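Here is the structure we will look at.
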Amino acid sequence: MLNNTITGLGIGINLWNDATTSTVTITGGTINACGIGIRIDNYDGYGPSNGESTTGNISGVTISNCTIAGIQIKDNKLNTNNATVSGNILAGTVFTGNAVDVMLDGLGVPYRRRSPALPWAMPASSR
């Protein structure tokens, strides 16, 4: 995905069931005033709900004014096929005015924090 402009959606971009031999990459563009700017998850709530393992690279995207989270990486406990989820937030990604910039949600989400400047949240259900 390259240089998209997304405004005012519940979820701007949802990466789910993106089983590829490569990583899905979102490069450039802006996401503004969404509930969640980018969500990477392994369960979507409608049949078939279980998704395959998904990793997303986010590079050079400006994510602003999201009311829940700029990026949510969610390992849903309802997933029954052991699919994993992960996200790599790369250089040039900018967060402004979000309720939370990065939300890690679920016990299986890998946590490697490289930038102490980002406000992150882990819901109580994930701890």
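Here is how the numbers come out for the structure above:
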quantity: Cβ-Cβ under 9 Å pairs, at least 6 apart or on other chains, the range 84-98 side more than 11 Å from Gly56 (Cα to Cα), far side surrounded by 21 or more Cβ atoms within 10 Å (Cβ to Cβ) and among the charged types (D, E, K, R); calculated: Thr84/Asp75; Phe95/Asp101
quantity: Flag for Asn76 being open to solvent by less than 40 Å² (accessible area, probe 1.4 Å), closer than 17 Å to Val109 by Cβ, not in a loop (DSSP other than H, G, I, E, B) and not charged (D, E, K, R); calculated: no
quantity: Checklist (1) open to solvent by less than 20 Å² (accessible area, probe 1.4 Å); (2) within 13 Å of the chain's Cα centre (by Cα); (3) not hydroxyl-bearing (Ser, Thr, Tyr) applied to Ala83, failing item; calculated: (2)
quantity: Near pairs, Cβ below 8 angstrom, 6+ apart or cross-chain, from the range 28-50 (in contact (Cβ under 8 Å) with a residue 40 or more places away in the chain and under 16 Å from Ile13 (Cβ atoms)) to any residue that is open to solvent by less than 10 Å² (accessible area, probe 1.4 Å) and polar (S, T, N, Q); calculated: Ile40/Thr54; Asp41/Thr54; Asn42/Thr54
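The values are calculated or read from the model by the stated rules, or taken from the named source; none is laboratory data. Being a predicted model, the structure only gives us computed values, none of them experimental. Cβ coordinates were reconstructed from backbone atoms using ideal geometry, including for glycine residues, and neighbour counts include every protein chain displayed. The accessibility values were calculated without ligands, DNA or RNA, using every heavy atom of the protein model including side chains. Shrake-Rupley method; radii C 1.70, N 1.55, O 1.52, S 1.80 Å.
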